[in-house]
Structures are given as structure tokens and as C-alpha cells.
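The values are calculated or read from the model by the stated rules, or taken from the named source; none is laboratory data. This one's a predicted model, so the numbers in the text were calculated from it and none came from an experiment. Don't worry about glycine lacking a Cβ; one is built from the backbone with ideal geometry, like all the others, and counts go over all protein chains shown. Only protein heavy atoms, including side chains, enter the accessible area calculation; ligands, DNA and RNA are left aside. Shrake-Rupley method; radii C 1.70, N 1.55, O 1.52, S 1.80 Å.
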Amino acid sequence: MRAVEITSFGGPGVLRLGDRPVPQPGAGELLIRVAASGINRPDVLQRMGHYAPPPGTSDLPGLEVAGVVESGDAAAMVEAGIRVGDRVCALVAGGGYAEWCVAPVAQCLPVPQGLSDVEAASLPETFFTVWSNVFDRGRLQAGETLLVQGGTSGIGVTAIQLARAFGVTVLATAGSDEKCAACLRLGAHHAINYKSQDFVAEGKRLTQGKGVDVVLDMVAGDYVEREVECLAEDGRLVIIAVQGGIKSGFNAGLVLRRRLTITGSTLRPRPVAFKGAIAQALREHVWPLLAAGQVRPVIHSTFAAADAASAHALMESNQHIGKIVLTW
């Protein structure tokens, strides 16, 4: 099969199409003939040598795919209601940049009605991540306020739409007026241009001084101190990436007085059972919203697999709004 390989650690140019044996599914797994592969920030980090795949996982990048089920563990597939020939999308721990990909049955979901393979391939990584961190760890509830840092990223466009669909007031930050306008079109109630506005002051102003209930943070670094300042009493800060650095300082007194929670997680190394539980929650609560068009995939660009280097260069430019997808 054709696969996008990381030939050495470095810039986008180290990605090359190569030939690999077709992987074979084991117990609890199935084989997908891949039509499209989503691109995510962890893929870029892996290419640069900063995010090694978990032990026993394919060295190929790629955390989400969509395509057709070709074979697999028959008993596990029957239990999950999946058959050979079904169109599915799947979250994987690696190996997604290839024409064939093995996925745990528990981490596969049907392609929502009306969606293309490209749209379906853009779903798993961001939807699993947002559900696990915003709704499970962050305990976001209807009537609360969510601040999404980086509202036009793949994570951001998902968080905005899901929070809005569940009755949450959404504030989002972005780095240009164009991106702020995109956040508003996606359902954010307010958009803050972090290059010209102070998100702490705006967060306080827009909540009449109360502060926001949950912050979804992909920056960390010196953002943490400011995010603590803009949280309401009993507020929760959820960190899912450290693009701004791993060291943070904050006012611990505020954490005590306002009973704040600072938490975070990474999804890739978690066990199949954990990810399978997220998949079931998504199927119950979110997949009907996708089928009804109340929540929609946001695709910025598609690239042929042979042009994966250009796709990564676009992601690193931060000029995209939504997801970037490879096609096979």
C-alpha cells in the first residue's frame, strides 16, 4: 500500500510517499480501506520528533481516517453493529496516513448520514478530544460560559459548535478580524481578537464581571496566569496542548479563593476502553446533531496524499480555518 512516511525528523519536506505492507487486524480490530485522513497538530509534532507514537503503534503519522470496512474481528464487529462494507470513521493512535489502516472496533463510528468521506475523516480526533476534555473533564453544562482559545483551529471550530448546540454561551479568541468573523458564523456569541484585545478584560466584560466557567486552552505557557484571572468561581481550566510552552505561573491565591480547577489531558496514549467510552457518548449525543446538520464539519483544504508536505506547511502557517484533510 501507499503510505506517507516520516523519512527523518524535520520540516514538512521530510514527508514522502512510500510502500508498506497492508496491516492486518488483530483481536478487537478491523481493517479500513482509507478514503481520507485527517491532519492534526500532533502529526506535525511527530514529524518534528517531539511526539513519539505510543509503544506498539505504527510509526506512520495520522490519528483519524474515514473509509470502508474490509475485514476484522468478526465477533467484535457483530457486537459493535459493524459489517464489512460499512462506511466508518475512526480514531487511531497512528498509521492514518495510509491507504489501509487498522483501528480498534471500539474507536470506530458510522459516517454520519449525508457526510462525505473527507468530512467524516475530519471528525474523530477533534470530536473525541473536545468531548473528553470540555464535557467530561471540564464538566461544561448548559447555561455556563466557555472560552475557546484558538477558535478557528480544528479543535476550536468543534468546541464552538458543540458548546453552542448544548446551550452554552461561547466566547472564542482568534488572531485576525477574518478569523473572529468565522468564529461568529460558527456560533460563537462573541469573538475576541487576541492581537488587539485583552481576552481577560473582554471575558470579564462580556460576563458582567463574573468570569467564564470553562476555558479550553491549547497554548499554556504564560496564558495560564491570565486564564486563571478570567475564571469565575468554581471555574475550570482545561489544557490540551502546550504551544506556548510547558512552564506556567499563576496566582495560587485566586485558585483557592475561587475554588478553581486546573486540569488537562492527552488522548493518544489512553487505552481503547477509555476511547471506546467516548465513542459511545459521541454516537448517542453528537452524531444525531451531525446527521441533522446542527453541527457540521469545517473543511479548509484537501490535499492528495502525495502532497502531504504542503498540507503540513499550511497547518504550520496557521492560516487555515477548520480542518485539513488528505485524500487517497
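Run down Val111, Val84 and say which single residue is farther than 30 Å from Leu260 by Cβ and open to solvent by less than 30 Å² (accessible area, probe 1.4 Å). Only one candidate qualifies: Val111. If you check Val65, Val22, Val102, Val44 for being on the phi < 0 side of the Ramachandran plot, among the β-branched types (Val, Ile, Thr), buried (at least 17 other Cβ atoms within 10 Å of the Cβ) and not in a strand (DSSP E or B), only one passes: Val44. Just for segment 197-212: of the residues that are under 20 Å from Asp234 (Cβ atoms) and free of Cβ contacts under 8 Å to residues at least 12 places away in the same chain, which one is least open to solvent (accessible area, probe 1.4 Å)? Looking at the filtered set, the residue picked out is Gly209.
Residue-by-condition table, conditions (1) among the small types (Gly, Ala, Ser); (2) closer than 19 Å to Val22 by Cα; (3) out of contact with any Cys (no Cβ under 8 Å at 6 or more places or on another chain):
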| residue | (1), (2), (3) |
| --- | --- |
| Ala76 | yes, no, yes |
| Ala90 | yes, yes, no |
| Pro104 | no, yes, yes |
| Gly143 | yes, no, yes |
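Within segment 126-160, the set of residues being assigned to a loop (DSSP other than H, G, I, E, B) and either small (Gly, Ala, Ser) or out of contact with any Ser or Thr (no Cβ under 6 Å at 6 or more places or on another chain) (or both) comprises Gly138, Arg139, Leu140, Gln141, Ala142, Gly143, Glu144, Gly150, Gly151, Thr152, Ser153.
Evaluated against (1) within 25 Å of Ala281 (Cα to Cα); (2) open to solvent by less than 30 Å² (accessible area, probe 1.4 Å); (3) hydrophobic (A, V, I, L, M, F, W, C), Cys183 falls short on exactly one condition, (1). Within segment 231-269, if we keep just the residues that are open to solvent by 30 Å² or more (accessible area, probe 1.4 Å), in a strand (DSSP E or B) and among the charged types (D, E, K, R), the residue that is farthest from Gln141 (Cα to Cα) turns out to be Glu233.
Quick check: is even one residue across segment 282-299 among the aromatic types (Phe, Trp, Tyr), farther than 24 Å from Gly62 by Cβ and in contact (Cβ under 8 Å) with a residue 40 or more places away in the chain? So far as segment 282-299 goes, no, none of its residues is among the aromatic types (Phe, Trp, Tyr), farther than 24 Å from Gly62 by Cβ and in contact (Cβ under 8 Å) with a residue 40 or more places away in the chain.
On the given criteria, is Ala90 closer than 30 Å to Pro12 by Cβ and crowded, with 17+ Cβ neighbours inside 10 Å? Against the criterion (closer than 30 Å to Pro12 by Cβ and crowded, with 17+ Cβ neighbours inside 10 Å), Ala90 qualifies. A single entry from Val224, Val148, Val228 fulfils the requirement of being within 25 Å of Met315 (Cα to Cα), open to solvent by less than 10 Å² (accessible area, probe 1.4 Å) and touching a helix residue (DSSP H, G or I) at 6+ places or on another chain (Cβ under 6 Å): Val148.
Checked against (1) within 24 Å of the chain's Cα centre (by Cα); (2) more than 24 Å from Pro297 (Cβ to Cβ); (3) of a type in the set (A, V, I, L, M, F, W, C), Leu206 meets all criteria but (1).
Screening Gln280 with (1) open to solvent by less than 50 Å² (accessible area, probe 1.4 Å); (2) assigned to a helix (DSSP H, G or I); (3) over 28 Å from Ile6 (Cβ atoms) gives one miss only, at (1).
The number of residues in segment 114-127 that are touching a strand residue (DSSP E or B) at 6+ places or on another chain (Cβ under 9 Å) and open to solvent by 40 Å² or more (accessible area, probe 1.4 Å) comes to 3. Does any residue of segment 117-125 turn out to be in a loop (DSSP other than H, G, I, E, B) and closer than 21 Å to Ala90 by Cβ? Scanning segment 117-125, I find at least one residue that is in a loop (DSSP other than H, G, I, E, B) and closer than 21 Å to Ala90 by Cβ, so the answer is yes.
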